[in-house]
Amino acid sequence: MKQWLRQWRHQRRFAPYGKPEFVHPSARISRNSSLEGPVCVGPGCRVKQSSIGGYSYLAYDIRIHDGTIGRYCSIGPEVIIGGLGKHPTDHFSTSPLTYSPSHPLSERLGHSKTDLGFEESAPVTIGHDVWIGARAIIVDGVTIGHGAIIGANTVVAKDVPPYAVFYGSPPKARRFRFPQETIARLLESEWWNKAPDQINDDDLLALVQEHHPSNPENPAS
C-alpha cells in the first residue's frame, strides 16, 4: 500500500513535466524547484532550489543547488552544480564561526560576530545545449555559456564562454567548437527554443559544416 501510494504521488507530481517515468523514483526534487519538461532525471539525483529546461537529462547521482539549467543540456553522472559555498580569503580566518552570525554553530554556542556581508553562496547559470562530463564540479556563481562542453572531472571556478571546450589542468577553455562566425549564427538562431520535431536539422548541419575549422584544436583566445 505504501509503495503504491508513493508511486501515485510521484506520478501526480511530475505528470505536468512530461511522463512521470522520466523522473526516477529515487530522485529528489525540492518543491521550490521546477522542471520545464519533458526532462529526464536519473536515479539518485538531488535538485534543490533550481530550474531545469526542457529536453535536458541528468544521468545519476547528480547534485544541483540554486542552479538554472537551460534546454537540451546533457549532464553526466556524479556532477555537482552549486551549493558548495564560498569562504573569504582576505579575512583572518576562513571559518564561518569568525564572520557569520547566522551559522548554526555560532547560534548554538551563543557567539555574536559582526556580519562581514560576505556572500557565502551564489546561483549557477548554465546555458542551453551544454554538455557536462562525469564528476565535474561547478562552483557557486559560475555562468556557462550556450553550447559549451565541460570535460569529465573538471572543476569550473570561472565563467565559460559559449561553445568553449573547457577542461584540463589547469582547467581552461582549450578551444572552441566552431569559428566565432558560426558561433554567432548559432546563438542568433536560438534553435533550442523549439521542440525537437520543429528543429530544421539540415539548415543547422549546413551552417556548422560551412565554416568548420580546418584545425580542430583551435586554441581558445
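The values are calculated or read from the model by the stated rules, or taken from the named source; none is laboratory data. Model, not experiment: these values are computed from the prediction. Glycine also receives a Cβ, built like all others from the backbone with ideal geometry; neighbour counts cover every protein chain displayed.
The listed residues are GLU181, GLU190, and the only one of them that is farther than 22 Å from TYR57 by Cα and among the acidic types (Asp, Glu) turns out to be GLU181. Check the stretch 129-144 and report whether any residue there is acidic (Asp, Glu), closer than 25 Å to ALA59 by Cβ and surrounded by 12 or more Cβ atoms within 10 Å (Cβ to Cβ). Within the stretch 129-144, one or more residues are acidic (Asp, Glu), closer than 25 Å to ALA59 by Cβ and surrounded by 12 or more Cβ atoms within 10 Å (Cβ to Cβ). Checking PRO170, PRO101, PRO123, PRO96 one by one, the residue that is surrounded by fewer than 17 Cβ atoms within 10 Å (Cβ to Cβ) and at pLDDT below 80 is PRO101 and no other. With respect to GLU36, determine if the residue is in contact (Cβ under 8 Å) with a residue 40 or more places away in the chain, in the same structural domain as ARG135 (by TED's automatic domain parsing) and among the acidic types (Asp, Glu). No: the conditions fail for GLU36.
In the set SER56, SER51, only one residue is buried (at least 21 other Cβ atoms within 10 Å of the Cβ) and at pLDDT 95 or above; that residue is SER56.
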